[in-house]
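I have a structure I would like to understand better, so I am pasting it below and will then ask my questions one at a time.
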Amino acid sequence: MKSSPLYPIGFMVVLAAFFGAVVSSLALVTRDRVEAGERAQFRQHVLSAFHLPAPREPDALARLWSRRVEELAAPQGEYYRVRGEDGALLGYGFRFQGPGFWGPISGVLAVKPGGTEILGIAFTKHQETPGLGGRITEAWFREQFRGKPLAPPPGGGPALTFVYRPPREPREVEAVTGATQTSSRLEESLNRFLEDLRRHSALAGGEAR
Amino acid sequence: MRPTLWLRRSLGVSTLRRGIWDDNPIYRQILGICSALAVTNLLVNTAVMSAGLVFVTAMSSFTVSCLRTVTPKRVRMMAQVLIIASYVIVVDIAIKAYLPAISEALGPYVGLIITNCIIMGRCEGFAAKNPPVLSFLDGLGCGIGYGLVLLTIAFFRELLGFGTLFGAPVLPDGFTRWVIMVMPPGAFFMLGLVMWLLRTVQKPRSPAEGG
């Protein structure tokens, strides 16, 4: 049988079917868990963009989310309306995605009601080098976005400028040293996103009260 | 029989020891270098990557060895890649399901375990000709050997590059971070130093062996 020219083909078919079945059933069995984990991870990022403490425990997180966050839809995609402990509107969260050095960088930008000021930022997915470009997820970097204006300066130009030294101007953000490509691509895509965002129905229309 | 003598004579133990020390994949076989350079600037990432590789190498070697008598010669590499890829996906799914935070930090690295030459090297070089349990031990030994060298490199890179160990600050605030340790050149320097050091230490054990 082993000398038959069909034997290698049969062997590979059986082997592929077996391992394919094992891997697929494992993926099926853990699908709910993986999705729940990804959802929880994403929600924690949204809350962290608003500087809200996100509980690690899944049930507590789900309760907090359903009490404080509304998921809304706009032509530009899903966005989030987040309220404070007292029910007052904190702001809106918008998802963004742009190129990084190794792959796309996506995240959530929290904006104050009225759409003039950034509340915070969180990065949900990226493939940047750990310790270099990957440092965009660290608190010191993200913290710099708090209070930054959405609109470009009156004289024109980008809303945000990344600099490789401690920032001196209100529009400046200190970039990650050694991760020039990550920083410059992020700077460009964030500025483009901010420009589009100012036309977003949630901010431009009467909803942003 | 004295225990040390038994340890030396047992085939299983010597197979395990060969992967960890005598014929370590990193500083003896010079395999798996890409990941040794890529993931070693943070200890947490290195530890998860090493654990994943230990599992994949041991299980792939075991499976390839179990199938060695029925695998046709011409398609053996195809079969090995299929087996290795399946185990890598298993690791990826397991990390995603049970350690979502680590999965996010590692990003694409887990999937890249499949490109690690050590795994296929052990499948081709050992598991295809040896019985399953011995192949399992061989894979285990090589995985552990790889992990130990990587953790050593990561220890110094994280300590000098970030002043932290497993993310916890251990050096005083005044310490000037060695940025080069975080970047790829730091990995080359560390890897070179580790190879030089360990091969020097090892030399008296195998005088006949060439570099």
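Residue by residue through region A:1-43, note down the ones that are of a type in the set (K, R) and either surrounded by fewer than 14 Cβ atoms within 10 Å (Cβ to Cβ) or within 9 Å of chain B (Cβ to nearest Cβ) (or both).
A:K2, A:R31, A:R33 - these are the residues of region A:1-43 that are of a type in the set (K, R) and either surrounded by fewer than 14 Cβ atoms within 10 Å (Cβ to Cβ) or within 9 Å of chain B (Cβ to nearest Cβ) (or both).
Please pick out the residue among A:A139, A:A122 that is open to solvent by 60 Å² or more (accessible area, probe 1.4 Å), within 14 Å of another protein chain (Cβ to nearest Cβ) and within 18 Å of the chain's Cα centre (by Cα).
It is A:A139.
So B:I144 fits all but one of (1) open to solvent by less than 40 Å² (accessible area, probe 1.4 Å); (2) touching a residue at least 12 places away in the same chain (Cβ under 8 Å); what number is the exception?
With (1) open to solvent by less than 40 Å² (accessible area, probe 1.4 Å); (2) touching a residue at least 12 places away in the same chain (Cβ under 8 Å) applied to B:I144, the lone miss is (1).
Just to check your reading of the model, which residue among A:T124, A:T137, A:T116 is touching a strand residue (DSSP E or B) at 6+ places or on another chain (Cβ under 9 Å) and over 30 Å from B:L112 (Cβ atoms)?
A:T116
Kindly indicate whether any position in region A:134-157 is among the basic types (K, R), within 25 Å of A:L52 (Cβ to Cβ), modelled with pLDDT of 85 or more and outside any helix (DSSP H, G or I).
For region A:134-157, residues among the basic types (K, R), within 25 Å of A:L52 (Cβ to Cβ), modelled with pLDDT of 85 or more and outside any helix (DSSP H, G or I): present.
A further question on this structure: Out of curiosity, is B:A97 free of Cβ contacts under 8 Å to residues at least 60 places away in the same chain, closer than 30 Å to A:E38 by Cα and away from every other protein chain (no Cβ under 14 Å)?
So B:A97 does not fit the description; no.
Could you check region B:1-95 for helices (runs of 4 or more DSSP H) lying wholly inside it with 3 or more residues that are open to solvent by less than 10 Å² (accessible area, probe 1.4 Å)?
B:43-66
Next question, about the same structure. If you check every pair at least six apart or on different chains, which have Cβ atoms under 8 Å apart with a residue in region A:169-192 that is over 20 Å from A:R146 (Cβ atoms) first and a residue that is open to solvent by 20 Å² or more (accessible area, probe 1.4 Å) and of a type in the set (K, R) second?
Short answer, once both residue conditions are applied: A:A179/A:R135.
Same structure again: Please go through region A:44-79 and give me each residue that is assigned to a helix (DSSP H, G or I) and either among the polar types (S, T, N, Q) or surrounded by fewer than 19 Cβ atoms within 10 Å (Cβ to Cβ) (or both), ordered by number.
Once the filter is applied, which keeps residues that are assigned to a helix (DSSP H, G or I) and either among the polar types (S, T, N, Q) or surrounded by fewer than 19 Cβ atoms within 10 Å (Cβ to Cβ) (or both), region A:44-79 yields A:Q44, A:S48, A:P58, A:D59, A:A60, A:L61, A:A62, A:R63, A:L64, A:S66, A:R67, A:R68.
Give all pairs with beta carbons closer than 7 Å in which a residue from region B:164-191 that is closer than 12 Å to A:L132 by Cβ meets a residue that is open to solvent by 70 Å² or more (accessible area, probe 1.4 Å); count only pairs at least 6 apart in sequence or on separate chains.
Qualifying pairs under 7 Å: B:G186/B:I180.
Just give me the residues in region A:162-198 being over 20 Å from the mean Cα position of the chain (by Cα) and under 24 Å from A:K112 (Cα atoms), in sequence order.
Answer for region A:162-198, where residues must be over 20 Å from the mean Cα position of the chain (by Cα) and under 24 Å from A:K112 (Cα atoms): A:P167, A:R168, A:E169, A:P170, A:R171, A:E172.
Then there's this: What's the total number of residues in region B:166-182 that are over 21 Å from A:T177 (Cα atoms) and within 14 Å of chain A (Cβ to nearest Cβ)?
Qualifying residue count for the region: 1.
The values are calculated or read from the model by the stated rules, or taken from the named source; none is laboratory data. Remember, it's a predicted structure, so these values are computed and weren't measured experimentally. Cβ atoms come from the backbone with ideal geometry, glycine included; neighbour counts cover every protein chain shown. These area figures cover heavy atoms from the full protein model, side chains too; ligands, DNA and RNA do not enter into them. Shrake-Rupley method; radii C 1.70, N 1.55, O 1.52, S 1.80 Å.
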